[in-house]
1. Sorted by mean Cβ packing within 10 Å, highest first, what order do the peptides A:84-91, B:200-207 take?
2. Normalized C-alpha radius of gyration of region A:1-95, against 2.2 N^0.38 Å?
3. What does the charge dipole of region B:2-221 about its Cα centre add up to, to the nearest 20 debye, if the Cβ of each Lys and Arg holds +1 and the Cβ of each Asp and Glu holds -1?
4. Beyond a 26 Å Cα-Cα separation, which of these cross-linked pairs lie in this structure: A:Lys139/B:Lys97; A:Lys26/A:Lys84; A:Lys139/A:Lys177?
5. Between helix B:127-151 and chain B, what is the angle of the helix's C-alpha long axis to the longest principal axis, kept within 0 to 90° and rounded to the nearest 10?
6. If you place +1 on the Cβ of every Lys and Arg, -1 on the Cβ of every Asp and Glu, and leave all else neutral, what size is the dipole of region B:1-130 about its Cα centre, to the nearest 20 Debye?
7. Calculate the mean, over all residues of peptide A:48-56, of how many other protein chain Cβ atoms lie within 10 angstrom of the residue's Cβ.
8. Normalise the Cα radius of gyration of chain A by 2.2 N^0.38 Å (N = residues in it) and let me know the number.
Amino acid sequence: MFLHADNLTVERGARPVISALSFTAKAGEALLLVGPNGAGKTTLIRTLAGFIRPSSGAVALKGDSGDRDVAQCCHYVGHLTGVKANLTVTQNLAFWGAYLAEDASGRDRLASRVEDALETFGLSRLSDFPAGLLSAGQKRRLGLARLCVATRPIWLLDEPTVSLDTASTELLSRLIKTHVSGGGIVIAATHLPLGLDEPTVLRLGANPASSGPEARA
Amino acid sequence: MTGFLTLLKRDLALAAREGAALGTALGFYLVVVAMLPLGLGPDLKLLSRIAPGVLWIALLLAALLSLPRMLEADHEDGSLEVMVTAPLPLELAIAAKALAHWISTGIPLTLMAPVLGLMLNLDIALTPMLVATMLVGTPAISFLGSIGAALTLKSRRGGLLLALLVLPLYIPTLIFGISAIGFASLGQDGASASLLILTAISLASIAAGPFAAAAAVRLQMS
C-alpha cells in the first residue's frame, strides 16, 4: 500500500497554502512534515484525511487497499483530543475502540486491548477517573491511546507531541517506529525530530507562492 | 451497525450523566405552560380550547433548547473529526445522535405533556391522541433539528440562528399534530389520516435529515 499525492494545490481563503505538491509515502515509511508556522502542515494533514478538498490535484491510495480512500484507512489525531470529560478514562478509550473497529474481529478482546493501551500510556492508575479531571498531557496521551486500540494502516498525526513530557514523547516515537516497521504509514506534522532513524522529511515553505515546497528524501 | 449502537449508547450515557439538557428542556416546558394561564386569565373554556396548540408549540421550543448541543459538544472536543474518519458513515453517526436526542428529549417531553395538559384543562379524552401525535411527531424535531445543528456548528452563539433555520421546518409537524387532535375533539373522522401524515413527515425527516446534516458537517470541517 502507498499513499500518493499528485500535484496537490490547496487554497485557504483564496490564498494558496500548498501549491503543486507531489509526494509518495510507501508502506513502512514515516514522513515528517516540517516547516515554520503557517507553512501548511495542518492544512496538508487535513487534506490527506479528506476534511479539505484540494482545489486541484488528488490524494490517492494505491496497492492492497481495495477501493477505500485515505479517510477510511487512517487514524487522524489533530489538535483536539476527542476525549469526553464526563466519561471515565476507560469508557473513553473503550468507546473509540468499539466505534473505530471495522468488523467483529476488531472488537475481540476489546477490554484487554483497552487495558494494554492504558498500561502503555501510563494511564492504568487513572482508569476509573473522569477524563475531565486529567491534565492536558494526560488527555493528549488518552487521545493518542486510540492509535493502539484500533488498527489502521495510516496514521495522520498533527503536532502529536504538544503538551507531552519527554518520556511520553519517547513512547510515541517508539510506537511510530513499531507501526512503521510493521508496514504502516505515518505522516506527522511536527517540530521535533521524534527520534526516528531515517524519516523522510517533507519541507513545507512559509510562502509556497514564491518558493514552492521542496521535497527531500 | 455495532458502531451505530455504540454511539447511541454513549450519547444516551452522556445525556444521562450531564442531565442538565433534559432538566432545562423539561423545566422550560413546565414554566412556559404554567405562565400561560397567568397571562390569559382563568377562563377554563378558552384554556381547554387552546391547550393542544400551546402544548405543541411549547414542546417545539423546549426541544429546540437542547438541539445545539447535539453536535456542538463533539465538535468542540474533536470527536466529530474522528467520527468523519470512522468506518461508520457520518450519515449513520448523525442518525444515531439524532435518535439519542429523540430518546433523551423528545420522549420525556411527550410524557410530560399529559401532566401539563391537566393544568390547561385539556379534555382527558383527548390525552391519548395528544400523546400519540407527539410520539410520532417528535422524531421529526430531532432529525430535522440535526440539519440546523450541523449548519450552525461553527457559529458562536448559534442557538438563535438555529431556531430561525429550524422552526419553519417544524410547521408541517405542528399543523398535522394539531389537526389530528382537532378532529379527535370534534369526534370526526380524519384524525387517523392526520396521524398518518404526521408519521410520514417523521419518516421522511429520518430518511433525509442525516444526509443533509452530514453534508453540512463535511462543509464545516473544511
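1. Most protected by this proxy first, the peptides run A:84-91, B:200-207.
2. Rg over 2.2 N^0.38 Å, computed on Cα atoms: 1.25.
3. 160
4. Listed pairs above 26 Å: A:Lys26/A:Lys84.
5. Tilt of helix B:127-151: around 30 degrees.
6. About 400 debye.
7. Counting other chains' Cβ atoms within 10 Å and averaging over A:48-56 gives 2.
8. Relative to the rule-of-thumb radius for its length, chain A sits at 1.03.
The values are calculated or read from the model by the stated rules, or taken from the named source; none is laboratory data. Small disclaimer: the values here were computed from a predicted structure and weren't measured. Heads up, the Cβs are rebuilt from the backbone with ideal geometry, glycines too, and the neighbour counts pull from every protein chain shown. Keep in mind that these areas ignore ligands, DNA and RNA; they rest on the heavy atoms of the full protein, side chains included. Shrake-Rupley method; radii C 1.70, N 1.55, O 1.52, S 1.80 Å.
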